[in-house]
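Worksheet: the structure to be examined is printed underneath.
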Amino acid sequence: MADITGSPTDGGKPQRQRRSEPIDVRTAKDGTKTYTFQIDVGIKPDGSRDRQRFTYSTKSDARREFRRISSEVAAGTFVKLTDLTVDEACDLWLEGKRAVRINSLEGYRKSLKPVRRRLGEKKLRDLTKNDGDDLVTWMITEGRVDPRSVREGSVASRVAAFVAEHPEGVTRAQVKAAFPDINAGAALSCTIRTGRLTRPRRAVYVAVDRDKTNPDPQGCKPVTIRQTLMVLSMVVQSFVDQGALPRNVVTLVERPKDSIEDDDDEHASATTPKTWTPDEVQTFRDSVRDDRLYACWLMSCYGMRRSEILGLRWFRVDDSLLKVRRGRVPLSKGSPVEGLPKSKRSRRNLPLPSDLAAALRTLKRIQMTECLARGETWSDDRLVAIHEDGTPIAPQRYTNEFHRLRESAGLRRIQLRHLRNTSVSLMLALKIPVHVVAAWHGHDPAMSLGVYSEAQPADLKSAGTLLHALQTGSLPHTEHPVDPRPHGGALA
């Protein structure tokens, strides 16, 4: 036996004293020290003790956590850290998102793809800030997937492989004959966009030698990285809230900012426009007046979402009112789906301007004639946005057609959704109260001012003229400075 000093009393070796806090120090090859301890946290299903190891970067953290965990184990309130991988955690989190729209769920899946590729096999409990920083660095430098990397076994991949077997090229009819159960045109368009096929002449498709066009790795845009970090943080936070993780380390990762353009670039403000001027809107309206879908383009100009236009049915339209109740949204796999609109505010009744009402009447007559020509019975539950053969217009097809028409009219490039920004900005410039603008577009008033609005050049010129007049004393005393906020600042 040994006495309390550890000296041997029976001629044997000195016995090691029991530590009140059994924390060990481990030194890595690079000299980094970590502090670790083991503790029994419960009983396994087979009846054996569940002994778990905990590791921390500082001794003070290890001592604090040892005391906390010991107390919780004694009180029966300790929750074991999750043993899931990042990949498994993402799956569980996505399965639990039942209250979100299906296209929002698709967006979450897309944002988590880089996380799965880079960190999927790592234990969620072992995730550190350094892992998050590494993810950001990787996404900035080479995280963008080669657009020609079509998933093996997909329709586009099978079509590309079939075309590659015919060096002389194939026609659409040959592809349709080889794959009778698919949309040959859509598959060929997809493979052309991804660079796997080319069309040297009309209706003939040839495979591209990928070895000759292998690009260097490309990085993702900052906005894409921020979206990925936001969704990953939501995943990690859900396990923190369940007590399965001690903290959310993703919140510590610095988000990349958008690059600032050179101040000397005189075209900097015109490189990424989000709105058109009133003249540009009028030019577009005039250029599509004879288009079959003129009514749909007017609805876009009046600020309706693409999903709302493509989900609109005739029984929700009359000569004076348009009821927004449904929407059709695209999915990464499969056909677009129809469901409820984006939010409760999106369900609204819009009084029809006279030109839109007339355009809708014309489109309805056209579709009724087309329906009779096909030998079908007309019904008002049909979609407004359909092709001549009665099939629904795909969301991406609608967007592509907008850009084709825009280019034909010689207009600046803006995204289709930015017609909505244009509508908001023009309404606010007309001093329409912000709550009315928000109600028309189906969103929160704060969104009208903070997200969708953009000052037009004419507005800035008027503001400068008023300020000059006020500062030089040339503004009549009967006039007062104009509150720049619509409705006198009603939002506040």
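The values are calculated or read from the model by the stated rules, or taken from the named source; none is laboratory data. Only a predicted model underlies this, so the values are computations on that prediction, with no experimental measurement involved. Positions of Cβ are backbone-derived with ideal geometry, glycine not excepted, and every protein chain shown enters the neighbour counts.
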Residues within segment 95-140 that are β-branched (Val, Ile, Thr) and either more than 21 Å from LEU252 (Cα to Cα) or assigned by TED's automatic domain parsing to the domain that holds GLU338 (or both), tallied: 2
If I filter segment 202-211 down to residues being at pLDDT 80 or above and not in a loop (DSSP other than H, G, I, E, B), which single residue comes out as surrounded by the most Cβ atoms within 10 Å (Cβ to Cβ)? TYR205
What residue, of LYS344, LYS274, LYS364, is at pLDDT below 95 and surrounded by 15 or more Cβ atoms within 10 Å (Cβ to Cβ)? LYS274
For residues in segment 317-329 being surrounded by 18 or more Cβ atoms within 10 Å (Cβ to Cβ) and within 30 Å of ARG109 (Cβ to Cβ), which is modelled with the highest pLDDT? VAL324
Kindly list the number of the only condition in (1) loosely packed, with under 12 Cβ neighbours inside 10 Å; (2) in contact with a Cys (Cβ under 6 Å, 6 or more places away or on another chain); (3) aliphatic (A, V, I, L, M) that fails for ALA373. (2)
Could you list all residues from segment 296-313 that are among the charged types (D, E, K, R) and within 20 Å of the chain's Cα centre (by Cα)? ARG305, ARG306, GLU308
Kindly establish whether LEU350 is in contact (Cβ under 8 Å) with a residue 40 or more places away in the chain and in a strand (DSSP E or B). yes
Return yes when ALA357 is among the aliphatic types (A, V, I, L, M), surrounded by fewer than 20 Cβ atoms within 10 Å (Cβ to Cβ) and within 24 Å of MET427 (Cβ to Cβ) and no when it is not. yes
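Conditions (1) outside any helix (DSSP H, G or I); (2) crowded, with 16+ Cβ neighbours inside 10 Å; (3) of a type in the set (A, V, I, L, M, F, W, C), marked per residue:
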residue: CYS90; (1), (2), (3): no, yes, yes
residue: ARG98; (1), (2), (3): yes, no, no
residue: ARG117; (1), (2), (3): no, no, no
residue: ARG125; (1), (2), (3): no, yes, no
residue: ASN130; (1), (2), (3): no, no, no
residue: THR141; (1), (2), (3): no, no, no
residue: ALA156; (1), (2), (3): no, yes, yes
residue: PRO167; (1), (2), (3): yes, no, no
residue: PRO180; (1), (2), (3): yes, no, no
Pairs with Cβ under 6 Å, 6+ apart, first in segment 357-386 and assigned by TED's automatic domain parsing to the domain that holds TRP297, second among the basic types (Lys, Arg): ASP381/ARG313; LEU383/ARG313
Within segment 429-442, identify whether any single residue is surrounded by 21 or more Cβ atoms within 10 Å (Cβ to Cβ), assigned to a loop (DSSP other than H, G, I, E, B) and either touching a residue at least 24 places away in the same chain (Cβ under 8 Å) or touching a Lys or Arg at 6+ places or on another chain (Cβ under 8 Å) (or both), and answer yes or no. yes
Report whether or not GLY243 is assigned by TED's automatic domain parsing to the domain that holds LYS113, at pLDDT below 80 and out of contact with any His (no Cβ under 6 Å at 6 or more places or on another chain). yes
Among the numbered criteria (1) out of contact with any Phe, Trp or Tyr (no Cβ under 8 Å at 6 or more places or on another chain); (2) free of Cβ contacts under 8 Å to residues at least 12 places away in the same chain, which single criterion is violated by PHE78? (2)
Which residue out of SER48, SER7 is over 22 Å from LYS123 (Cα atoms), at pLDDT 60 or above and hydroxyl-bearing (Ser, Thr, Tyr)? SER48
